[in-house]
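Right, one structure below, let's go through it.
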Amino acid sequence: MTIPSGRSRTRFLVVVLALAALTVAGSVSVVTRTTNAQAAAGTLAAAVEDEGVDCAVSGLPDLGSLPTNAKLPDPFKKLNGTTITTRSDWRCRRAEIKELAEKFVFGEKPAKPATVTGTVSNSTVTVNVAHNGRSSSFSARVDLPSGTGPFPAVVVVGGFGADTATIKAAGAAVISYDPLAVGREGTPRNNKQGAFYSIYGASSSTGLLAAWGWGVSRIIDVIEQSDGRILKADAMGVTGCSRYGKGAFAIGVFDQRIALTMPIESGSAGVPIFRGIPGEGAQSLSSAYGEQPWLGDAFGSFTSSPNRLPVDTHEMVAMVAPRGLFIMDNPHIANLGPRSASVAALGGAEVYKALGAGDNITYWSDVQDGSHCANRPEWRTPLQNNIRKFLLKTGNEPGVIRISSKALGRLADWRDWPTPVLADGPTTPPPTTPPPTTPPPTTPPPTTPPPTGGGCAATVSVNQWTGGFVATVRVSAGTAPVNGWTVTMTLPSGASITSIWSANRSGSTGTVQFTNVDYNGSIAAGQSTEFGYQGNGTGAGMTPTCSTG
């Protein structure tokens with residue numbers, strides 16, 4: 001795609017609004033932002049690539065049964081037709097959107113291969129992958145800032161993204177990632193090349209963007225496995241412009257360890273909603289699909305009928321929530337689809353808002369320079385703010401939406417769904433086993449004694465698979481309310497926790513103490529709450545104990 005250069009002198013109407021001001025009607029106003037506590041809730045990346053790996057996703061539609069819908073799909077509505085009601089419900093709703101995005105848009109991004117090894121030095125990250133008898137390798141250059149590590153790092157896709165001088169001056173390292181070594185452009189769809197396709201086959205239906213994301217995930221794997229003296233795996237960002245902006249967006253969407261995602265002028269197959277591209281005069285979907293195998297092979301069925309898609313990019317914006325997202329766009333070049341990109345940001349921001357993380361997203365198209373992929377002074381301060389907040393964890397500047405009047409999208413034109421008020425606490429899941437067909441004994445011996453007085457009790461159920469498990473822990477109050485609880489549990493030898501939800505933890509192995517978070521510390525008499533965690537190894541034989549206070 002060739003993009004013309006030039007500078008526009010057209011005045012801007014700058015739309016500056018807090019994310020909480022985005023109403024169902026799509027009107028623009030300014031109201032009180034989310035609280036600092038809510039904003040801080042999203043400043044840490046997840047500990048694992050995909051927190052929803054244990055979610056049972058069912059009911060994915062078939063290609064031949066997709067209805068036509070000119071409105072954006074409801075990001076809060078589950079595949080079974082019900083709407084999520086709590087913030088904890090979002091984890092498995094996100095897993096559904098991920099499956100839809102892979103099936104119909106990007107192609108599958110496989111999970112971590114059987115073997116990932118490599119090295120981290122002051123100048124290079126090397127990656128070696130082996131899976132199902134196949135192997136591949138690639139590397140990325142590292143450029144450290146001044147000072148003493150370990151450093152947060154921003155992966156710059158194709159060496160072409162946000163201003164690297166500003167990134168380094170803020171205190172973050174730059175990892176120059178060559179995506180073409182992982183998924184090469186200029187290849188036919190039935191003969192894709194690069195490190196990804198050496199593992200999964202040249203005829204894989206997975207597009208380049210998902211393959212590029214797989215490559216960055218393997219870089220993070222290697223950084224996680226290093227001694228941590230040089231780079232910090234829990235403080236990773238990604239940026240890219242144009243085709244590499246498409247890549248940066250996909251990378252942040254599909255790996256929850258990315259703390260800050262920063263796509264720039266990504267155009268068709270990037271941030272802009274697919275449904276809006278035909279009416280905006282942006283690069284057509286058929287052109288983007290045919291120019292390079294960026295998108296998965298299945299997307300070819302939608303290039304002339306995006307209204308049949310059961311998912312759109314506003315939901316991919318939402319998949320980044322509550323992590324940091326800074327979208328930079330160019331209103332001067334209609335071929336980039338900036339109006340459709342602003343709609344995607346506004347739609348995804350509704351999920352950020354519902355999760356209490358409205359301050360963690362920024363969309364900025366209020367720029368005067370019309371040339372493609374220029375380093376713009378308007379972006380320097382928000383870039384610094386986002387690096388401080390999400391990578392250095394020393395700031396708490398709120399995100400903003402600044403949309404140029406040249407490319408002002410209206411979310412109200414594209415949605416027919418409301419934004420629900422999501423409760424803080426988790427819902428009580430249905431039983432994992434069907435009720436007995438005959439009445440149980442009236443006085444069965446309990447496996448865990450019920451709490452008495454003002455005490456609490458904890459029980460655990462484990463979903464085990466080869467090499468890993470998910471544990472769900474129920475904390476119950478006795479005859480008196482509980483205000484604050486601690487559950488202590490000893491993990492089996494070799495087991496380790498990789499991610500956790502609805503609780504804090506003291507460690508990852510051995511004897512671990514789990515404590516309540518803000519929304520589930522108070523339990524009414526006779527009631528219960530739940531938390532869970534995912535781990536490697538076996539979860540068999542764990543016995544939790546509970547104390548209050």
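So, of the residues in region 477-509 that are under 11 Å from THR545 (Cα atoms) and buried (at least 17 other Cβ atoms within 10 Å of the Cβ), which turns out to be modelled with the lowest pLDDT? I'd like the intermediate steps shown before the answer.
So the first thing to find is which residues in region 477-509 are under 11 Å from THR545 (Cα atoms), and the list is 485-490.
With buried (at least 17 other Cβ atoms within 10 Å of the Cβ) added as a condition, the list becomes 485-487, 489.
Values: TRP485: 91, THR486: 95, VAL487: 95, MET489: 95.
Restricting to residues being under 11 Å from THR545 (Cα atoms) and buried (at least 17 other Cβ atoms within 10 Å of the Cβ), the top hit is TRP485.
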Failed criterion for SER284 (all others in (1) open to solvent by less than 30 Å² (accessible area, probe 1.4 Å); (2) over 24 Å from the mean Cα position of the chain (by Cα) hold):
(1)
Qualifying positions in region 357-383 - touching an Asp or Glu at 6+ places or on another chain (Cβ under 8 Å), assigned to a loop (DSSP other than H, G, I, E, B) and in contact (Cβ under 8 Å) with a residue 60 or more places away in the chain:
ASP366, GLN368, HIS372, CYS373, ASN375
Any idea how many residues of region 406-424 are open to solvent by 50 Å² or more (accessible area, probe 1.4 Å) and under 23 Å from VAL343 (Cα atoms)?
8
Within region 481-504, can you find the residues that are closer than 26 Å to GLY467 by Cβ, of a type in the set (Gly, Ala, Ser) and touching a strand residue (DSSP E or B) at 6+ places or on another chain (Cβ under 7 Å)?
ALA495, SER496, SER499, SER502, ALA503
Report the residue count in region 287-310 for those that are in a helix (DSSP H, G or I) and open to solvent by less than 40 Å² (accessible area, probe 1.4 Å).
5
Look through region 511-528, keep the residues that are over 26 Å from the mean Cα position of the chain (by Cα) and open to solvent by less than 30 Å² (accessible area, probe 1.4 Å), and return whichever of them is nearest to VAL462 (Cα to Cα).
VAL512
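Is it true that SER123 is in contact with a strand residue (DSSP E or B) (Cβ under 8 Å, 6 or more places away or on another chain) and surrounded by fewer than 20 Cβ atoms within 10 Å (Cβ to Cβ)?
On the way: in contact with a strand residue (DSSP E or B) (Cβ under 8 Å, 6 or more places away or on another chain): yes; surrounded by fewer than 20 Cβ atoms within 10 Å (Cβ to Cβ): yes.
For SER123, the condition - in contact with a strand residue (DSSP E or B) (Cβ under 8 Å, 6 or more places away or on another chain) and surrounded by fewer than 20 Cβ atoms within 10 Å (Cβ to Cβ) - is met.
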Considering each residue of region 384-417, count those that are more than 29 Å from ALA334 (Cα to Cα) and either in a loop (DSSP other than H, G, I, E, B) or touching a His at 6+ places or on another chain (Cβ under 9 Å) (or both), and give that number.
5
Surrounded by fewer than 16 Cβ atoms within 10 Å (Cβ to Cβ) and not aliphatic (A, V, I, L, M): is that true of GLY541 in this structure?
yes
Can you name the residue in region 232-281 that is farther than 21 Å from GLN292 by Cα and in contact with a Phe, Trp or Tyr (Cβ under 6 Å, 6 or more places away or on another chain) and, of all such residues, is surrounded by the most Cβ atoms within 10 Å (Cβ to Cβ)?
MET262
Which listed residue is within 22 Å of the chain's Cα centre (by Cα), surrounded by fewer than 19 Cβ atoms within 10 Å (Cβ to Cβ) and either at pLDDT 95 or above or over 26 Å from LEU355 (Cα atoms) (or both), from PRO75, PRO110:
PRO110
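The values are calculated or read from the model by the stated rules, or taken from the named source; none is laboratory data. Computed from a prediction, not measured in an experiment: that's the story for all the values here. Note: ideal-geometry Cβ built from the backbone for every residue, glycine included; neighbour counts use all protein chains shown. When the accessible area is computed, the model is the full protein with side chains, heavy atoms only, and any ligands, DNA or RNA have been set aside. Shrake-Rupley method; radii C 1.70, N 1.55, O 1.52, S 1.80 Å.
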